[in-house]
1. P(r) of segment 182-234 in 5 Å steps, Cα pairs, percent per bin?
2. Which whole-Hz ³J(HN,Hα) couplings does segment 86-96 yield from phi under the Karplus relation 6.51 cos²θ - 1.76 cosθ + 1.60, θ = phi - 60°, glycine and proline marked x?
3. With a 1.4 Å probe and all protein chains in place, put His179, His49, His12, His129 in order of accessible area, largest first.
4. Answer with a single label: of [x] 30, 22, 16; [y] 33, 25, 15; [z] 38, 23, 18, which was calculated as semi-axes √(5λ) of the Cα gyration tensor in Å from the structure in view?
5. Where the accessible area of the chain is counted over protein heavy atoms with a 1.4 Å probe, how much of it, in %, is carbon and sulfur?
6. On the first, second and third principal axes, largest extent first, how far apart are the outermost C-alpha atoms of segment 125-199 in Å?
7. Write down the Å³ per residue value for the convex hull defined by the alpha carbon atoms of segment 1-127.
8. Run the numbers for Trp64 and Asp83: contour at 0.36 nm per residue of separation, minus the present Cα-Cα distance, in nm.
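The values are calculated or read from the model by the stated rules, or taken from the named source; none is laboratory data. Keep in mind it's a predicted model, so treat the numbers as computed, not measured. Here the Cβ is made from the backbone with ideal geometry for all residues, glycine too, and neighbour counts use every protein chain on show. In case anyone asks, the SASA skips ligands and DNA or RNA and just uses the protein heavy atoms, side chains included. Shrake-Rupley method; radii C 1.70, N 1.55, O 1.52, S 1.80 Å.
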Amino acid sequence: MKITEHIDAIQHEGQLLSVAAIRTGLDAPIPTCADWRMRDLVRHVGGVHRWAAGYVGNQRTEMWQVDLDDIVGTWPADPDLIDWFREGYTKLVHTLASAPLDLDCFTFLTATSPLAMWARRQAHETAMHRVDAESPGSTITEFHPPFAADGVDELLSCFMTRPHPRTPKISRPSSVHVHATDTGDNWYLKISREAVLTSRRGGPADCTITAAAGDLYLLLWNRRSDAGISVEGDRDLLAPVSY
């Protein structure tokens, strides 16, 4: 996906999240985020948007040693929370859209450029938390398959392969094949206790997970169960590839 498409996705997903929060109410428990209510979710995402805009807008090249309380300062009261949230993603969208293509700033995932990393990461951060905001209701807005496949790729090719990932809980080196039926995308993971290696080409695997890209996106980010998803081989390998 292009940087501009990721920036547009932040705007779109932010709008959906705010609509869900208004519809459901700030006191609603969030089933997909234990111990959170809607206000906690909105505050978190609004804070993250300001955190990301701080890196990009100020071209910070070192890790910013702050938490969201430091960044936000005074958290808004409930009547002002949705407007505050909208101001945050609107500013992030503007900051990303106006940043130079050769932006130099801190990153924490592999990408073609710092700007590409921040736009992609915030698009999927906002999208997955939009799912959380919709989870108290009965309907989750479907993702466009290419966007969902891009989210799966970010997880499997970038998060899972970082130099210091969470240690996979497996008894032996194993392999996983993830296949998106609607986009035709494939990911092949070689998993050991030391590292995860992901490629887009491979062969037979110890576990093959097959579904539409949107279902894989939700499954691997732990926003849905594996009910109705084809899992062939060692089902215990679902856990090491989920976040």
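1. Reading the bins upward from 0: 4, 16, 26, 28, 20, 5, 0.
2. Using θ = phi - 60°, the values come out as 5, 4, x, 6, 5, 5, 4, 4, 5, 4, 5 Hz.
3. Details: His179 50, His49 0, His12 90, His129 20 Å².
Ranked list, largest accessible area first: His12, His179, His129, His49.
4. Of the labelled values, this structure produces [x].
5. Numbers: 5990 of 11900 Å².
The computed percentage sits at 50.
6. The principal-axis extents, from largest down, are 40, 26, 20 Å.
7. Working: hull volume 13.8 nm³, N = 127.
Once divided by residue count, the hull of segment 1-127 is 108 Å³.
8. Details: separation 19, 0.36 × 19 = 6.84 nm, distance 2.59 nm.
Gain in length upon complete extension: 4.2 nm.
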